[in-house]
Amino acid sequence: MNYKINFFLIYSLILFSGCSFYSFKGSLPENVKSIYIHQISNATSEYVVSNLLNESIRERLINQNLLNIVDEYNSDSQLIVKIKSVDDIPNVYNNINDTYEIVEQWKLNIKVEIIWKNIYSDKILIDKDISEWAMYNNSGIDVGMDQIDNDLDGLLDAEDSDEYGSSREAALRIVSSKISNRIIDELTSTW
């Protein structure tokens, strides 16, 4: 008898968890099946970040098949991304001859504002600031050999697929990737 009750409980849990997943996923705002991504505005002098972020967001949306990317006039929703700041913050110093210090490691921080708007209801679905960062060193060594976990994913250098190129360029690429992941997370968290 206990075997039948346990089987029934396990079966019910599996059935319930499966249904809850589908009902959660199905709560996408009504009539929103496509998205238009506005040209990313940039209030900084780091113009390359706009291109990196644009490519990364589009790649994530296409790879995850979340919403169709369409032109402005055929879209159900619109995504506006504004780069507010790109800051290089000293992180690790080295004392030279007790007279002065040099910065050995930097923390690159990028802050963006995202706005996601439902065209049919003229409702703002998301309006939020997102900030991400990565580490880089000042030595000129290729980021794939700097012995720094630049994005704190637990992987160093050759173990990490996104650690290649010059240190600061890699940090820009890593932060752009992290921000685009956060944007996709924000879009799907409204579902």
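Each reported figure results from applying straightforward, stated rules to the coordinates on display, with no laboratory input. Keep in mind the model is a prediction, meaning the values are calculated, not measured. Note: ideal-geometry Cβ built from the backbone for every residue, glycine included; neighbour counts use all protein chains shown.
The distance between label points at ASN181 and ASN94 comes to 2.9 nm (points 7 Å beyond Cα on the Cα→Cβ vector). Here r is the Cβ-Cβ distance between GLU72 and SER131 and R0 is 25 Å; the resulting FRET efficiency, rounded to 0.05, is 0.35. Considering only ILE57, ASN95, ASN74, the residue lying farthest towards the positive end of the dipole of the stretch 51-112 is ASN74, judged by Cα position with unit charges set on Cβ. Applying 0.36 nm per residue to the separation of LYS84 and ASN109 and subtracting their alpha-carbon distance, the gain on full extension is 7.9 nm.
Under the convention that each Lys and Arg Cβ holds +1 and each Asp and Glu Cβ holds -1, the size of the dipole of the stretch 62-104 around its Cα centre is about 180 debye.
Among the listed pairs LYS33/LYS178; LYS33/LYS84; LYS82/LYS117, which are separated by more than 19 Å between their Cα atoms? Going by Cα-Cα distance, LYS33/LYS178; LYS33/LYS84 fall outside the 19 Å limit.
Could you give the Stokes-Einstein D for the stretch 64-106 in µm² per second, using the C-alpha Kirkwood radius, 25 °C, 0.890 mPa s? Value of D from the Cα-based Kirkwood radius: 161 µm²/s.
Here the simple spin-label model places points 7 Å from the Cα toward Cβ, and for ILE62 and ASN31 these points are separated by 2.9 nm.
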